[in-house]
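Below is one structure, written out as structure tokens; the observations come after it.
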Amino acid sequence: MNTLKVIKSVNFGVYLDGGEGREILLPLRYVPEGCKAGDEIDVFIYHDNEGRLIATTLRPLAMAGEFQWMQVKEVAATGAFLEWGLMKDLLVPHREQKTAMKEGHRYLVYVYLDFITKRMVASARIDKFLDNVPPRYERNQEVDLIVAEETDLGYKVIVNHLHWGLLYRNEVFRTPEKGEKLKGYIKEVREDEKIDVSLYPLGYEKIDGIARHVLQTLKQNGGFLPVHDKSDADEIQALFSCSKKNFKKALGALYKKQLVSLGTDGTRVTDKA
């Protein structure tokens, strides 16, 4: 994304200052109402189908340096075209496909600028874009995760668009979906530079999975929610993604550890949590 200044208006859009004497068109459909010369606009820059630089106020599903699950819109002689969230689709050349991509299927890809063609493309050969720099993480550091695949131990996740990480099955209160984006925390960077992650800040290890989730949800809502063991099962499911039976067990475990207090109006986090 770039913040560019409007140079002039034309009947089919406005031209933006692209630096070094370049003018980049922002088509009329994306021009904010009342826009005039001198205004600054946040835009995404890409090449149109004729190779010209063009701007849009839309944000693509992924930008250069990011991983994303995307759906194949069309398969052509040059490769597979992915739905990118823009007027233009994103190409995955045949050489960058692990297996032949099929229309309508979703794939995990990495988006990058091809230095030969100077075009944005994507690759499904994601391993070559991961673990290329040392993992400089601190214990308990918050990170961004993308769920990639399920393994015997749990779930392989992409950490901060840079490294592979592992989320252990016995530490997850529900089954994450492929492509799901989550906030996580670094548990450990091992001697072999493998990374273990958790969905919860460290210190929650002694609380079972669902109880951790309940406690975290309470904290995210100011330490109180108007729910308790007599609440409606649908309300509990909506808030905590678990059954009423499991919620009551989790609540009991938190209460025994004096991490929550229970009242007729709901559940509160205590000073010990």
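The values are calculated or read from the model by the stated rules, or taken from the named source; none is laboratory data. Keep in mind it's a predicted model, so treat the numbers as computed, not measured. Cβ sites come from the backbone with ideal geometry, for glycine too, and all protein chains shown count toward neighbours. The accessibility values were calculated without ligands, DNA or RNA, using every heavy atom of the protein model including side chains. Shrake-Rupley method; radii C 1.70, N 1.55, O 1.52, S 1.80 Å.
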> With θ set to phi - 60° and the Karplus curve 6.51 cos²θ - 1.76 cosθ + 1.60, what are the ³J(HN,Hα) couplings of segment 231-242 in order, to the nearest whole Hz, using x for Gly and Pro?
Replying inline: 5, 5, 4, 5, 5, 5, 4, 5, 7, 10, 6, 8
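With the full set of protein chains in place, find how many percent of the accessible area of segment 199-273 is carbon and sulfur; take the probe as 1.4 Å.
Carbon plus sulfur share of accessible area: 50 percent.
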>> I'd like the accessible area for residue 117, computed on protein heavy atoms only with a 1.4 Å probe and all protein chains in place. Round to 10 Å², please.
In response: 80
>> Rounded to two decimal places and with Rh computed the Kirkwood way over Cα pairs, what is Rg over Rh for segment 85-224?
In response: 1.03
>> Checking a compactness column here: for segment 40-102, what do you get for Rg(Cα) / (2.2 N^0.38 Å), N being the number of residues?
In response: 1.19
>> Which three numbers, in whole Å and largest first, are the semi-axes of the equivalent ellipsoid of segment 143-214 derived from its Cα gyration tensor as √(5λ)?
In response: 18, 14, 11
> Where does the chain land on Rg(C-alpha)/(2.2 N^0.38 Å)?
Replying inline: 1.28
>> Sort 106-116, 18-28 by the packing proxy (mean of other Cβ within 10 Å over each peptide's residues), most packed first.
In response: 106-116, 18-28
> Give me the Kirkwood hydrodynamic radius of segment 174-273 in Å, from all C-alpha pairs, to one decimal place?
Replying inline: 14.6
> In deg cm²/dmol, rounded to 500, what helix-only [θ] at 222 nm does the chain give when every DSSP H run of at least 4 residues adds -39500 (n - 2.57) and the total is split over its residues?
Replying inline: -3500 deg cm²/dmol
> Using the per-residue mean of other Cβ atoms lying within 10 Å as a proxy for protection, in what order, highest first, do the peptides 156-162, 259-265, 140-146 fall?
Replying inline: 156-162, 140-146, 259-265
>> Compute the helix-to-body angle for 244-256: its Cα long axis versus the longest principal axis of the chain, expressed 0 to 90° and rounded to tens.
In response: 70
> Taking the C-alpha atoms of segment 121-179, how large are the radius of gyration and the largest Cα-Cα span, Dmax, in Å?
Replying inline: 12.2, 37
> How far is helix 209-220 tilted off the main Cα axis of the chain, in degrees rounded to 10, range 0 to 90?
Replying inline: 70
>> Per-residue counts of other Cβ atoms within 10 Å, averaged by peptide: what ranking do you get for 66-73, 121-128, highest first?
In response: 66-73, 121-128
>> As a test question: what accessible area, to the nearest 10 Å², does residue 1 have when a 1.4 Å probe is rolled over all protein chains in place?
In response: 90
> Over segment 21-172, how many percent of alpha carbon pairs lie in each 10 Å bin up to the one with the longest distance?
Replying inline: 9, 33, 30, 20, 7, 1
